[in-house]
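See structure below.
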Amino acid sequence: MKILVTTPTGKVGSEVVRGLAAKHISRRLALRDPSKAPAGEEAVAFDYSKPESWEAALEGIDRIYLASVGDQGPEAEKAFIDLAVTKGVQRIIKLGAAGIEETDVPLRQVERHIEAKGIEWTFVHPTWFWQNFSTAHAGSIKGGVLAEPVGDRWTAFVDTRDIAAVAVEALVTDSWVGQILTITGPDKTTRAQFAAEVSRQLGRQVKFLDVTDEQFRSGVRPYLPASYVELLSALYSWVRAGATEFTTETVEKVTGRKPIGLSQFVADHLEVWR
Ligand SMILES: NC(=O)c1ccc[n+]([C@@H]2O[C@H](COP(=O)([O-])OP(=O)(O)OC[C@H]3O[C@@H](n4cnc5c(N)ncnc54)[C@H](OP(=O)(O)O)[C@@H]3O)[C@@H](O)[C@H]2O)c1
């Protein structure tokens with residue numbers, strides 16, 4: 001069995017690579033710049049926007065860990081899936097997002113395309129990642145502020161190491177075929193509670209700033225594509241409506257261990273915010 005890993009430099013994909021390596025599962029990394037692959041990993045040049053790169057990536061592949069990138073539409077991924085099935089791929093583990101099941105967002109459109117193909121699939125639906133705080137928000141937190149338009153709503157943030165562990169189980173065992181696995185962490189955390197825990201462990205104050213949607217948009221507009229600003233704004237409106245206020249037992253059920261919570265995530269990433 002050989003597995004193709006897309007987005008192997010990403011927050012979840014990089015952990016999927018580690019998880020497969022730990023289990024000695026044969027794998028190939030599909031990424032835009034193969035020189036970025038960890039030493040010793042088989043890597044191939046792959047870009048969703050360059051269909052000519054897809055065929056070589058799929059040679060001899062049985063299963064795929066598939067993740068979407070940025071705010072691209074679903075068409076490239078659907079065409080890639082069509083080619084993968086033609087080339088003999090039998091199972092796709094797709095990274096989606098919690099709450100998309102009843103929607104028609106691009107992530108869900110890709111899943112419906114996979115469902116219609118008659119192959120094995122598992123859809124991994126995480127809630128918001130803890131790692132957003134150690135990547136997108138890292139600079140701002142380092143400067144002492146976390147600004148998000150969500151008020152005091154809580155989210156059971158999930159660690160990308162746990163999401164990847166679930167995805168790896170779905171890739172290598174038959175137990176989760178045909179299932180949507182909704183994944184959260186263990187803690188009901190507001191952004192203010194997160195900022196307080198970082199402050200406590202850092203030994204200096206990080207303040208949560210509850211901004212309005214318009215303040216958020218104008219803050220990120222200079223740095224992000226307009227369509228991505230719209231997507232983020234829509235995601236935050238879900239949080240404000242309470243849509244992230246739920247927990248699941250999926251990580252423990254699938255991996256047999258408890259998911260990573262607030263204090264461990266913060267402890268593991270303190271250096272990022274120093
Ligand atoms: N962040 C969250 O809280 C959250 C929550 C639920 C679901 N999700 C979902 O998780 C997925 C990953 O999101 P993320 O923010 O975590 O991503 P990420 O870690 O930033 O990773 C993005 C990856 O996409 C690769 N990439 C970018 N453009 C590409 C292209 N044209 N062709 C091939 N690869 C390309 C990047 O590789 P390079 O090294 O080449 O740049 C990188 O490995 C998304 O589908 C998102 O909707 C995220």
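The values are calculated or read from the model by the stated rules, or taken from the named source; none is laboratory data. Worth saying up front: this structure is predicted, and the values here are computed from it rather than measured. Note that each Cβ is placed from the backbone with ideal geometry, even for glycine, and that neighbours are counted across all protein chains shown. These area figures cover heavy atoms from the full protein model, side chains too; ligands, DNA and RNA do not enter into them. Shrake-Rupley method; radii C 1.70, N 1.55, O 1.52, S 1.80 Å.
Brief remarks follow.
- Rounded to 5, the percent of DSSP beta bridges in the chain classed as antiparallel: 5 percent
- Chymotrypsin sites (Phe, Trp or Tyr not before Pro) restricted to segment 191-238 and DSSP loop, no more than 10 other C-beta within 10 Å: TYR223
- Of the trypsin sites (Lys or Arg not before Pro) found in segment 1-59, the ones in coil according to DSSP and having at most 12 other Cβ atoms within 10 Å of their Cβ are LYS23.
- Along its principal axes, segment 2-126 has C-alpha extents of 41, 28, 25 angstrom, given from the largest down.
- Other residues with beta-carbon under 14 Å from the beta-carbon of GLU214 carry, at +1 per Lys or Arg and -1 per Asp or Glu, a net charge of -1.
- Helical content of the chain, expressed as a calculated mean residue ellipticity at 222 nm, amounts to -11500 deg cm²/dmol (DSSP H runs of 4 or more residues, -39,500 (n - 2.57) each, divided by residue number, nearest 500).
- Of the solvent-accessible surface of segment 127-169, computed with a 1.4 Å probe and all protein chains present, 53% belongs to carbon and sulfur.
- Within the chain: Cβ-based charge dipole about Cα centre, in debye rounded to nearest 20 (Lys, Arg +1; Asp, Glu -1): 680 debye
- 25 Å Cα-Cα threshold exceeded, pairs from LYS50/LYS117; LYS11/LYS258; LYS36/LYS258: LYS36/LYS258
- Positive minus negative residues near ILE25 (Lys, Arg vs Asp, Glu; Cβ under 10 Å): +4
- Taking the charge dipole of segment 110-214 about its Cα centre, with +1 at Lys and Arg Cβ atoms and -1 at Asp and Glu Cβ atoms, the residue from GLN205, VAL168, VAL145 reaching farthest to the positive side is GLN205.
- Gyration tensor (alpha-carbon) shape descriptor, segment 179-259, a/c threshold 1.5: oblate
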